[in-house]
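I have placed the structure first, in the form of structure tokens, so that the comments after it can refer back to it.
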Amino acid sequence: MSVIPACPQCGMENTYPDGEQYICADCGHEFPMHAVASADEATIVRDVNGNALQAGDTVVVIKDLKVKGSSIPLKQGAVIRNIRLVDGDAEHIEGSSDKIKGLVLKTIYLRKS
């Protein structure tokens, strides 16, 4: 037996299924049966070792990387300070090194320092 959720708008439990959505009989709000992840559920960004990363952290590159649009490679051990997280993407961060600005890096090549 499936449990019908309460209305997310008014909180009343007088909801019923109609096709691919639920309808609240009290306020008339319609919401999907298969709700998309809400904005309250933040995506956790992790480095190669599994440590959680947050905006403003400092990370270190663990492997030499070729940088598109630049002739200068990003060397192993390069420090990326004050990183920014990409909204809705747990695999990429934004940051700048001493020599290259405006980088978007995969978290599998980074470790938290």
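The values are calculated or read from the model by the stated rules, or taken from the named source; none is laboratory data. All values derive from a computational prediction rather than experimental measurement. Glycine also receives a Cβ, built like all others from the backbone with ideal geometry; neighbour counts cover every protein chain displayed. Calculation scope for accessible area: heavy atoms of the full protein, side chains included, ligands and nucleic acids excluded. Shrake-Rupley method; radii C 1.70, N 1.55, O 1.52, S 1.80 Å.
Quick notes
- Of 69, 28, all but one fail to be under 30 Å from residue 6 (Cβ atoms), free of Cβ contacts under 8 Å to residues at least 60 places away in the same chain and either in contact with a helix residue (DSSP H, G or I) (Cβ under 6 Å, 6 or more places away or on another chain) or in a loop (DSSP other than H, G, I, E, B) (or both); the exception is 28.
- The numbered conditions (1) touching a Leu at 6+ places or on another chain (Cβ under 9 Å); (2) not in a loop (DSSP other than H, G, I, E, B); (3) not hydrophobic (A, V, I, L, M, F, W, C) are all true for residue 76 except (2).
- Residue 74 over 30 Å from residue 3 (Cα atoms) and either over 24 Å from the mean Cα position of the chain (by Cα) or open to solvent by less than 40 Å² (accessible area, probe 1.4 Å) (or both): yes
For every residue, the table says whether it meets (1) touching a residue at least 24 places away in the same chain (Cβ under 8 Å); (2) of a type in the set (Gly, Ala, Ser); (3) open to solvent by 40 Å² or more (accessible area, probe 1.4 Å).
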| site | (1), (2), (3) |
| --- | --- |
| 14 | no, no, yes |
| 18 | no, no, yes |
| 23 | no, no, no |
| 90 | yes, yes, no |
| 101 | no, no, yes |
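- Residue in the range 52-66 that is surrounded by fewer than 14 Cβ atoms within 10 Å (Cβ to Cβ) and not in a loop (DSSP other than H, G, I, E, B) present: yes
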